[in-house]
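Engineer: Mind having a look at this structure? Questions to follow.
FYI, it's all coordinate maths here, none of it is from the lab. Quantities reported herein were computed from a predicted structural model and do not represent experimental measurements. Cβ placement follows ideal geometry from the backbone for every residue including glycine, while neighbour counts extend to all protein chains displayed.
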Amino acid sequence: MSAAEPATGRPDRQVVKILALVAFLVLALVYYFIRLGSLAIAYIADGEFAGVALGVGMLLLPIVGIWIVWATLQAAFAHQRLARRIDEEGLEVDTSQLPRRPSGRIERAAADELFARIKTEWEADPDNWRSSYRLARAYDYAGDRTRARETMRRAVALEKLEREA
C-alpha cells in the first residue's frame, strides 16, 4: 500500500484532486492544439505566401506542444512508479526530523548534511536506481533542481534496466 492510499485502499483525496487537475489541463491543451491546428490548416489552404508561412509556423506549435505534454506525462508516471517502489521498500528519504523554515523548506545546513550523507550512499553503489533516486531527492531538498532532474532521469533509466533484466 502506497502513501497515497490510506488503510481503506482508496486513493488519497489530494491525489484524486491532482489527477483531475492534470486530466483537465491535458484536455484543455488537446482542445487548444486542435483549434490551433485547424486554424493553421485554414491559413495554409488560403494559398497566400504570408498565410502559408504563418500556417506552417502555427502548425508547428501543436506538434511541439503534444511532444512536451507527452514527455512530461511520461516522466511524471516514471517518477511516480519509482516513488511508489521506494515507499514500498521503506527507502524514502526521511526528512521528518529535520529543521524547517517557516515556508516549510528544510533549512539549508540540514539539507546540505542530508545531501552529503546520501551522496556517500550513492558513491558506494552508483548503478543502483534506488541510490540514484535517493540522491535526486537529496539534490531537490538541497535546492539544486537541475541536478535533481538529471539524477532522477538516471534513476528512471536504471530502474527500467532492472525491470527488463
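Engineer: Which GluC sites (Glu not before Pro) in segment 100-165 pass both tests, a DSSP loop state and at most 14 other beta-carbon atoms within 10 Å?
Structural biologist: E107
Engineer: Specify the inter-centroid distance of segment 102-165 and segment 37-94, based on alpha-carbon positions, in whole Å.
Structural biologist: Taking the Cα centre of each part, segment 102-165 and segment 37-94 sit 26 Å apart.
Engineer: Just to check I understand the Karplus step: with θ = phi - 60° and J = 6.51 cos²θ - 1.76 cosθ + 1.60, what whole-Hz values come out for segment 111-120, glycine and proline as x?
Structural biologist: With coefficients 6.51, -1.76 and 1.60, one gets 5, 5, 5, 4, 4, 4, 5, 6, 5, 5 Hz.
Engineer: Putting +1 on Lys and Arg Cβ atoms and -1 on Asp and Glu Cβ atoms, find which of G51, Y133, A76 reaches farthest to the positive end of the dipole of the chain.
Structural biologist: Positive-end residue among those listed: G51.
Engineer: Provide the per-residue ³J(HN,Hα) series for segment 101-109, in order, calculated from phi with Karplus coefficients 6.51, -1.76, 1.60 and θ = phi - 60°, each as a whole number of Hz, with x at glycine and proline positions.
Structural biologist: Per residue, the Karplus-derived 3J(HN,Hα) values read 6, x, 6, x, 6, 5, 4, 4, 4 Hz.
Engineer: Which entry is the computed Cα Rg over 2.2 N^0.38 Å for this structure: (i) 0.98; (ii) 1.40; (iii) 1.05?
Structural biologist: Here Cα Rg over 2.2 N^0.38 Å agrees with entry (ii).
Engineer: If you don't mind, another one. What residues qualify as long-range amide H neighbours of D12, i.e. H under 5 Å apart, gap of 5 or more or another chain, H built at 1.01 Å from N?
Structural biologist: Correct list: E5.
Engineer: For segment 65-165, state which trypsin sites (Lys or Arg not before Pro) are in a DSSP loop and have at most 15 other beta carbons lying within 10 Å of their beta carbon.
Structural biologist: Within segment 65-165, the qualifying trypsin sites (Lys or Arg not before Pro) (loop, at most 15 other Cβ atoms within 10 Å) are R105.
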